[in-house]
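K.L.:
This is the structure I want to talk about, given as structure tokens.
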Amino acid sequence: MGAHNGLRGRGAGKQGFFVVLLLLAVLGYGAWRVGLEAGLDQADFTFANGAEPTSLDPTQTTGAPEGRLMRAIFEGLCVLDPKTLAPLPGMAERWEISADELTYTFHLRSGARWTNGDEVVAADFKAGFARLLDPREAAEYAYLLYCVRGAREYATNVDDSGAALRGFDTVGIRTPDARTLVVELERPVPWFLYLAAYPPLAPLNQRALDEMRAQFPNTWRIERLRPENLVTNGPWRVVERRVNDRIRLARHDQYWDRDNVAFETIDVLASEHLSTNLNLYLTGAVGFVNEVPAGVVPRLAGRADWNPTPYLATYFYRVNVTRPPLDDARVRRALALAIDRRALTSKITRAGEPPLYSWVPSAITPVTGYVPPALRTTTEDPVADYARDVAEAQRLLREAGYGPGARALRRIEIHYNTQSTNRDIAEVVARDWKLHLGLDVKLTNQEKKVALDTQRRLDYDISRSTWIADYPDPASFLEVLTQASANNRTGFADARYDALLAEALTARGAERKRLYAEAEARLLELLPIIPLFGFTTTSLVDPRLAGFHPNNLDIHFPKFWRWNADGERR
Amino acid sequence: MSDIALDVLDLSVQFPTDRGIVQAVSGVSFALHAGETLGIVGESGSGKSVTSLATMGLLDPRFAHVEAAVLKVGDHDVRNLSERAWRAIRGREIAMIFQDPMTALNPFLTIERQMSEVLELHENATRKGARSRVVAALSDVGIADPEARAAGYPHEMSGGMRQRVGIAMALLAKPRVLIADEPTTALDVTVQAQILELLHKLQAQHGTAILLITHSLGVVAEACNRTSVMYAGRIVESATTEALFARPLHPYTRGLLASVPRLDGNPYRRLASIEGQPPAPGVVLPGCAFAPRCEWRRDRCERERPELERFVGRSSACFESRALSGAGE
Amino acid sequence: MIRFLLRRAGWFAVTLFCVVTLSFAMMRAVRGGPFDSERALSPAIEANLKARYHLDWPLWKQYAAYVGPLELGEQRAAWLGGDGTRVFGGVLAGDFGPSFRYRDTTVNDILAQSLPISLALGGVALAFALVLGLAAGLVSAQYPRSSLDTLVRTTATIGIAVPNFVIAGFLVILFAFLVPLFPVAGYGSWEHMVLPGCALGLPFAAYIARLTRAGMLDALSFDWIRTARAKGVPPRTILLRHALRAGIVPVVSYLGPATAGILTGSLVIERIFAIPGTGSHFVNSALNRDYTLAMGVTILYTTLVCGLNVLVDVLYTWLDPRVALEEEG
Ligand SMILES: Nc1ncnc2c1ncn2[C@@H]1O[C@H](COP(=O)(O)OP(=O)(O)OP(=O)(O)O)[C@@H](O)[C@H]1O
Ligand SMILES: [Mg+2]
């Protein structure tokens, strides 16, 4: 820092003193202003929401923190019952589903209003859906609506400038009158009502957007999302946002169900530091924290506010099926069988995660009735089960021509993205493979985005991943591994598997479930992925908070939250 | 009130160190009268500075043991004086100027700040009131454009000017005693003479008693009424400067003088060295400390230490002095 | 002074150019892009997204557009809206562009919102470090080798050795849980600044205490301190008027590095205490491949550190009159 640079010689500098004084004054003034502006009174309810939301535009968001926020400030056609997850009326007061399950007719309630006073009409939903699908908006979740007739074609056929080639009128969304929205589907979509409650399918106040466009021709994309300009239709509106600190919500006075909204104000805190969030919770500064540090999980067992619940997410290893010896399904199966999953969940993760022997997590059964097949049989005796699995794994390896007296397996590398739990798990897996299969395993950690890039380029043997369902249906998992899927990243391509999934697309009811089960069974035979366990929620919730229920989707609508009758605000 | 400005009797200073006790000064006595200049000469390490610091109470009691039968500045007995009481005397009754004018002044403060401080401390002057006196004092010591200089910093001045500032600063509160510890050693030869002249002039004006510490017999010859010669922490000879130069009684003094060719020669020559070295600090010889280097050494000199013996108007610490002094005559 | 500032500004421009170019190149060289996530994007969407942020351009053109205002003749979907003839003003026009991750905001917005908070936190930490460090160092230097001195030195050694997040942990346990005086984390009132300010400032306070002690002991051994004592200046005045300026020169030299350290130290502290400052973006923006935000933060920090060094140099001239800002070309 060469502080002496440029210093030499003689002469006094009284000016120096004043420069310092001036700078101190500027700094002092800044600090004072910061202190003043920071002043917000205590909100009725505060919760730690995880990372700072990437956007307040519902079509642009995908993450869980954004979802929690969006469900507070926007409302879709439906909401989900906090306990049963059954679709309840939202902006639509009722709906009809045609007998072929292809046409949904939503009847909007009268008197639902936007924060700018406009009535919420069917055209707002059409505008919202149009924006979600518009290729120029580049919404990541656009594909959720590809089940709508003509939507995929509209969204994916673009000209050189990236604009859609077709008109939006080719998409099966109609508004026969201001209060009726008709959605025509390409095929039966059992989860469509869940989608209708999903933030990216929120309505859009086109008038407000056009006004912003006129007022800020060059910066409207940003201006319209500032708290003072943002027009929403949910139970709360945004009154203040400080990046990485909080979003302050205040009750939307013209919200149709205003009388049932308990909290006047809510603070949505943005902090990714898990122990900080935990501390905030423990000191009563927040009433709900979405995730706790892995290290404290064992000490939380038995607490009334600790209810880990399995949800639709799988912790798994991708296997690069293009690389020998992993191109041999017998080797992959041997690897999958030799892992002691119960050791992982009982010794490392310890939040009641279910060991997984299927690709679709077991938490799907209570939501959809689908029962995933398993890659091994499970009996009452887990120890014997594992011993049998190991013996089978050793047999498979021998059969594949590896092991004592035959070729030695080459060293296998496990990539994982930097995080202590991932490392601990990889170490246990490596130990199992070493112990039972004599495998030499190398562990390599990579920063998250580098790890993704490694996967995309199929530059790995085994790579750790997580998949979280977009919608409650086995398809949300199974579609990942089709040959065409960009999320595949294993090199896996199986015509039979793809055909089964294609067939399931148009099937209905029990037939559909049977096809998916058959596809998954095929997948578990070929094993381009090695499932390890299903995730559980690791949130802590103030026991006095009513209307919050742990559920298999980990989806929560703040509009149902209130303090217990006997619970006092802290 | 006696006219003895500084009375020192039997001053001893010890430094307890890791390697034993260093007896830096032993049994030093002298009396300094108003308007008089007493010179102290001696080789490096002979204890001159320690003597002056002890008289100023500037030795840190944690590291130095100072003892004296009498230690009086004017009428103030300054033995075992509290630090607080000392502060009222230092700068007011007894002041000091130092050898190196380059480092003796604080480079971070203006000349005025450093000087007015003395008046603020000792005369309750306000800073404004002090300014005119500071400027006058600077002009008294022959500094041109004193107002501008007062506002300036030491590094903007030459060594001679800084020593003038040091003198002006020391004399601001009109102390009875001024201790000048080698005030000219660091200066050019021509400047040395000017500074000595200045001291002489100011002494005549204010009647200040000056204790002038120096290596240089030339300086002594020029400026001192009386002179004491120190060797290994003791005064070995004391006389009027004239008598000392005319007839030195102690062989050490003789040696010193012998190395100066003639009194009317170049008076500013440094002391030429006498063969051998003084005893190392901490070494105490049973006999005369000079004995190992003395050409008249006898057996007795190595066994027994000669006390300072008084003769007419002078004193010397050598068994041979009596014969030389002609006291028997 | 003006010349000096101009020269430094010139060097700053060169530094900044290198930093911008290097960090631009490095950001792009790292694998993975801002829009990569576990869920792959459909090709049409990815193409549109890249086009919106002009990631489809050749690198040199992206760089040119980032640095300077570029008139784009092309008809594109602009990320902000409008007809797409303007991406953003470019760094030269003070426009750091859109954030790739926080899509509703510009880097300018984010920095404008977070920087004052970081500065306030840094200011609190620095003030805390200075007040505590200087006070402890001064006491320590005034009474060297006392039990107080030992206490200060031991504490300082521990404070330097222990990283700030450990201190933060201790402070949280002590003052948020055991004795709930302050909020455990968060932002919104002065109380929220106390624990993070202390945690951030403590290691620097420890270092400053050490530097002050050493600097003051050094300063107290200078000749001019003896001169001041000879004038009868009381110890506290000696410490504060005569020794302080020289004694805290090491502290001032340390201010530049310390402030840079406090800025970078706040990365961790802001995370632990959930303070919405700039520091938390420093690492996250790189992890998120938020190219523009990462660059913006880098440019901002470079500017701050360079500015601080100039400030420190200016401070020197105020402290030490012998030092002048280099005047010659
Ligand atoms: N703080 C101290 N601790 C130990 N010994 C000391 C200390 N100060 C002085 N001495 C010793 O006292 C003796 C006399 O030192 P002093 O500085 O008085 O000599 P001096 O006659 O002034 O010499 P010079 O002509 O070099 O100034 C020296 O031997 C020195 O080593
Ligand atoms: Mg000396």
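Taken together, the values in this text are just the output of simple stated rules run on the coordinates, not laboratory data. Source: prediction; values computed, not measured. Note that each Cβ is placed from the backbone with ideal geometry, even for glycine, and that neighbours are counted across all protein chains shown.
K.L.:
How large is Rg/Rh for chain B, to two decimals, with Cα atoms and a Kirkwood Rh?
P.N.:
Result: Rg/Rh = 0.98.
K.L.:
Let me ask another. Over all alpha-carbon pairs in the range B:1-151, figure out the percentage whose distance exceeds 27 Å.
P.N.:
Considering the range B:1-151, 36 percent of its Cα-Cα pairs are separated by more than 27 Å.
K.L.:
Ok, one more. Tally Lys/Arg at +1 and Asp/Glu at -1 over every other residue whose Cβ is under 11 Å from the Cβ of A:D100; what's the total?
P.N.:
Around A:D100, the charge tally is 0.
K.L.:
While we're on this one: Under DSSP H, which helices of chain B have Cα atoms covering 20 Å or more of the helix axis and a Kyte-Doolittle average no less than 1.0?
P.N.:
Helices passing the filter in chain B: none found.
K.L.:
What does the charge count around A:L225 come to, taking other residues whose C-beta lies under 10 Å from its C-beta (Lys +1, Arg +1, Asp -1, Glu -1)?
P.N.:
Local charge sum for A:L225: +2.
K.L.:
Could I ask something else about it? I need the trypsin sites (Lys or Arg not before Pro) found in the range A:426-479, filtered to DSSP loop residues with at most 13 other beta carbons within 10 Å of theirs.
P.N.:
Sites meeting the loop and neighbour criteria: A:R457.
K.L.:
Same structure, new question: Which is the longest stretch in chain A that no exposed loop site breaks, taking sites as GluC sites (Glu not before Pro) with a DSSP loop state and at most 13 other Cβ atoms within 10 Å?
P.N.:
A:1-227
K.L.:
Residue by residue through the range A:165-175, what is 3J(HN,Hα) from phi via Karplus (6.51 cos²θ - 1.76 cosθ + 1.60, θ = phi - 60°)? Round to whole Hz and write x for glycine and proline.
P.N.:
7, 9, x, 5, 5, 7, 8, x, 10, 10, 10
K.L.:
Hey, another quick one. When Cβ neighbours within 10 Å are restricted to other protein chains, what is their mean count per residue of peptide A:139-150?
P.N.:
So the per-residue partner count for this stretch is 2.
K.L.:
Here's something else I'd like to know. Counting only other chains, and only Cβ atoms inside 10 Å, what mean value do you get across the residues of C:154-164?
P.N.:
0
K.L.:
In a solvent-free Debye calculation with one equal scatterer on each Cα, what is log10 I(q)/I(0) for the range C:161-291 at q = 0.10, 0.12, 0.19 Å⁻¹, listed in the order of the q values?
P.N.:
-0.49, -0.63, -0.99
K.L.:
Using unit Cβ charges (K, R positive; D, E negative) and no other charged atoms, how large, in debye to the nearest 20, is the dipole of chain C about its Cα centre?
P.N.:
Using Cβ point charges on Lys, Arg, Asp and Glu, chain C gives about 940 debye.
K.L.:
Return the whole-Å distance between the Cα centroid of the range C:24-70 and the Cα centroid of the range A:390-411.
P.N.:
The range C:24-70 and the range A:390-411 have Cα centres spaced 46 Å from each other.
K.L.:
I would also like to ask the following. Write out the trypsin sites (Lys or Arg not before Pro) in the range B:163-238 meeting two conditions: DSSP loop, and at most 11 other Cβ atoms within 10 Å of their Cβ.
P.N.:
Listed in order of number, the matching sites amount to none.
K.L.:
Between 0 and 90 degrees, rounded to the nearest ten: what's the tilt of helix C:291-319 against the longest Cα principal axis of chain C?
P.N.:
That works out to roughly 30 degrees.
K.L.:
Okay, next question. From the Cα trace of the range A:64-228, what convex hull volume per residue do you get, rounded to a whole Å³?
P.N.:
127
K.L.:
Chymotrypsin sites (Phe, Trp or Tyr not before Pro), restricted to the range A:141-199: which are DSSP loop and have at most 15 other Cβ atoms within 10 Å?
P.N.:
Listed in order of number, the matching sites amount to none.
K.L.:
Let me ask something additional. Calculate the translational D of the range A:335-388 in whole µm² s⁻¹ from Stokes-Einstein, where the hydrodynamic radius comes from the Kirkwood formula applied to all Cα pairs, the temperature is 37 °C and the viscosity 0.692 mPa s.
P.N.:
267
K.L.:
Take the Cα atoms of the range A:310-536, find their three principal axes, and give me the spread along each one in whole Å, biggest first.
P.N.:
Here the spans come out as 50, 40, 36 Å, largest first.
K.L.:
Moving on to the next point. Quick one: dipole size for the range A:366-498, taken about the Cα centre, charges +1 on Lys/Arg Cβ and -1 on Asp/Glu Cβ, in debye to the nearest 20.
P.N.:
580
K.L.:
Between the helical axis of C:249-272 and the dominant principal axis of chain C, each derived from Cα atoms, what acute angle in degrees is found, rounded to the nearest 10?
P.N.:
Helix C:249-272 and the main axis of chain C meet at about 50 degrees.
K.L.:
For chain C, take the convex hull of the Cα atoms, compute a quarter of its surface area, and give me that in nm², please.
P.N.:
Directional mean of the projected Cα hull area for chain C stands at 22.3 nm².
K.L.:
Please report, ordered by residue number, every helix of chain A (full DSSP H runs) that is 24 Å or longer along its axis going by C-alpha atoms and whose mean Kyte-Doolittle hydropathy reaches 0.0.
P.N.:
What comes out of the filter, once short or polar helices are dropped, is A:14-38.
K.L.:
Taking every DSSP beta bridge with both residues inside chain A, roughly what % is antiparallel (nearest 5)?
P.N.:
Beta bridges within chain A, antiparallel portion: roughly 75 percent.
K.L.:
Decide, for the protein assembly as shown, between rounded, prolate and oblate: order the square roots of the alpha carbon gyration tensor eigenvalues as a ≥ b ≥ c, take rounded if a/c falls under 1.5, and otherwise choose prolate if a/b is larger than b/c, else oblate.
P.N.:
prolate
K.L.:
Helix-only mean residue ellipticity at 222 nm, chain C, DSSP H runs n ≥ 4 weighted -39,500 (n - 2.57), per residue, nearest 500. What is it?
P.N.:
About -21500 deg cm²/dmol.
K.L.:
Over the Cα atoms of the range A:279-362, what is the Rg over Rh ratio if Rh follows Kirkwood?
P.N.:
Ratio of gyration radius to Kirkwood radius for the range A:279-362: 1.12.
K.L.:
Report the local net charge at A:L181: Lys and Arg +1, Asp and Glu -1, summed over other residues whose C-beta lies under 10 Å from its C-beta.
P.N.:
Within the 10 Å Cβ shell, the charges total +1.
K.L.:
Classify chain A as rounded, prolate or oblate, taking a ≥ b ≥ c as the square roots of the eigenvalues of its Cα gyration tensor: rounded when a/c is under 1.5, otherwise prolate if a/b is larger than b/c and oblate if not.
P.N.:
Here chain A falls in the oblate category.
K.L.:
Can you compute the charge dipole magnitude of the protein assembly as shown about its Cα centre, using +1 on each Lys and Arg Cβ and -1 on each Asp and Glu Cβ, nothing else charged? Give it in debye, rounded to the nearest 20.
P.N.:
Roughly 2180 debye, rounded to the nearest 20.
K.L.:
Using the alpha-carbon centroid of each, what span in Å lies between the range C:116-166 and the range B:38-98?
P.N.:
With the range C:116-166 and the range B:38-98 each reduced to a Cα centre, they are spaced 38 Å.
K.L.:
Can you bin every Cα-Cα distance in the range A:192-297 into 5 Å intervals starting at zero and give me the percent of pairs per bin, rounded to whole numbers?
P.N.:
The calculated distribution, bin by bin, is 2, 10, 14, 16, 18, 17, 12, 7, 3, 1, 0.
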